[in-house]
Amino acid sequence: MKVLRVDEIRQCSLPPCVATVGCFDGVHRGHRFLVKQVIDVAEHGNLCSAVVTFGQHPKQVLCSDCSLELLTTREERFRLLEGTGADFCVVLDFTPELAALSARCFMKEILRECLNVRTLVVGYDHRFGHGRIECFEDYCRYGAEIGMDVLRAEPFVMDGRNVNSSCIRLLLREGNVTMAASLLGYCYSLEGKVVEGYRMGRELGFPTANIEVPCQEKLVPADGVYAVQVSVGGKDYAGMLDIGNRPTFADNGYRTLEVHIFDFSSDIYGQRIRVAFVERIRSNIKFESKDDLVAQLCADAKQARAMLAAGKR
């Protein structure tokens, strides 16, 4: 896949293509199913395939004080889109001027005239254009007027539900990372820098790496203890992660992400670390004593190892 911005397209011109448009937050199985339909239509018509997306989420422009819960950072999204098999990923700057375009103007000026889109594949529930007031039938009419075929994509259905970003966000807010992974097609992950923590884990025999996630808009799953896969220093490890406000010691409302990496003792302060959520072990509990907490941590570690071992089979 070749990633292009609009100014690059004007310089080299895009070949005639079949395209779809969207934010593609998460690049989940529904998104990949949509892109596969684009690729199939393109191959049938001997055209190129393209995914048209935006550098930033539209809500970041239209509602600057909105609270976002993104499934993927910009870099993660582009990396996942590259794996879909489409020929091009076109990145538009989502500006107030772009948001003000009607659906017809967007199709004519951006898709047809600038990007050379001959066929537009519209997601089953996707709407675009100023106010998002028009529907698929309107897009078909505009397409006929400007020389563009418009097709409606089939939804990706799993366990009787249409897979979309909203239902995945709900699952993660509930801590159901296993079902979220089924809909995503991969384990949900968080990435950040290892920073100084309270060092209480070391005293308990379970040293932890405190993770600072730089993307404030990235969704953090529900509080609790999770079995995770950890990537640091170019290597992968098993571990367990706690998300919460440390109720046994300092319930101050401040959420922390602390990962204990199994069979690991290196100093990784300041390094980048990535944790992929495999399964939730339990919710957070306030313990009466350190001994009770240690006993539970031992049980958690045993359960996490078993979950991670089962996942490899």
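Summary table below
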| item | result |
| --- | --- |
| Selection from segment 217-242 of residues that are surrounded by fewer than 24 Cβ atoms within 10 Å (Cβ to Cβ), free of Cβ contacts under 8 Å to residues at least 40 places away in the same chain, not in a loop (DSSP other than H, G, I, E, B) and not acidic (Asp, Glu) | 235, 237 |
| Index of the failed condition, residue 148 passing every other in (1) closer than 20 Å to residue 40 by Cβ; (2) within 26 Å of the chain's Cα centre (by Cα) | (2) |
| Sole residue being at pLDDT 95 or above, of a type in the set (A, V, I, L, M, F, W, C) and not in a strand (DSSP E or B), chosen from 250, 306 | 306 |
| Long-range neighbours under 8 Å by Cβ, at least six apart or interchain, first residue among the basic types (Lys, Arg) within segment 87-108, second open to solvent by 40 Å² or more (accessible area, probe 1.4 Å) | 104/145 |
| The listed residue being open to solvent by 60 Å² or more (accessible area, probe 1.4 Å) and among the small types (Gly, Ala, Ser), out of 160, 129, 147 | 160 |
| Qualifying residues in segment 204-237 (those that are closer than 24 Å to residue 283 by Cβ and of a type in the set (D, E, K, R)) - the one nearest to the chain's Cα centre (by Cα) | 218 |
| Residues being more than 13 Å from residue 227 (Cα to Cα), at pLDDT 85 or above and either assigned to a loop (DSSP other than H, G, I, E, B) or open to solvent by 80 Å² or more (accessible area, probe 1.4 Å) (or both) - total across segment 287-303 | 1 |
| Test result for residue 33, at pLDDT 85 or above and either of a type in the set (Lys, Arg) or in contact with a helix residue (DSSP H, G or I) (Cβ under 9 Å, 6 or more places away or on another chain) (or both) | no |
| Residue under evaluation residue 111, criteria (1) part of a strand (DSSP E or B); (2) buried (at least 21 other Cβ atoms within 10 Å of the Cβ); (3) more than 20 Å from the chain's Cα centre (by Cα), criterion not met | (1) |
| Test: residue 281 is open to solvent by less than 40 Å² (accessible area, probe 1.4 Å), in contact with a helix residue (DSSP H, G or I) (Cβ under 6 Å, 6 or more places away or on another chain) and modelled with pLDDT of 95 or more | yes |
| Filter result for residue 41 (touching a strand residue (DSSP E or B) at 6+ places or on another chain (Cβ under 8 Å), at pLDDT 95 or above and open to solvent by 20 Å² or more (accessible area, probe 1.4 Å)) | yes |
| Scan of segment 132-144 for residues that are free of Cβ contacts under 8 Å to residues at least 12 places away in the same chain and buried (at least 19 other Cβ atoms within 10 Å of the Cβ), ordered by number | none |
| Sole residue being in a loop (DSSP other than H, G, I, E, B) and modelled with pLDDT of 95 or more, chosen from 198, 186 | 186 |
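The values are calculated or read from the model by the stated rules, or taken from the named source; none is laboratory data. None of these values were measured; they are calculated from a predicted model. All Cβ positions, glycine included, derive from the backbone under ideal geometry; neighbour counts span all protein chains shown. These accessible areas exclude ligands, DNA and RNA; they are computed on the full protein's heavy atoms, side chains included. Shrake-Rupley method; radii C 1.70, N 1.55, O 1.52, S 1.80 Å.
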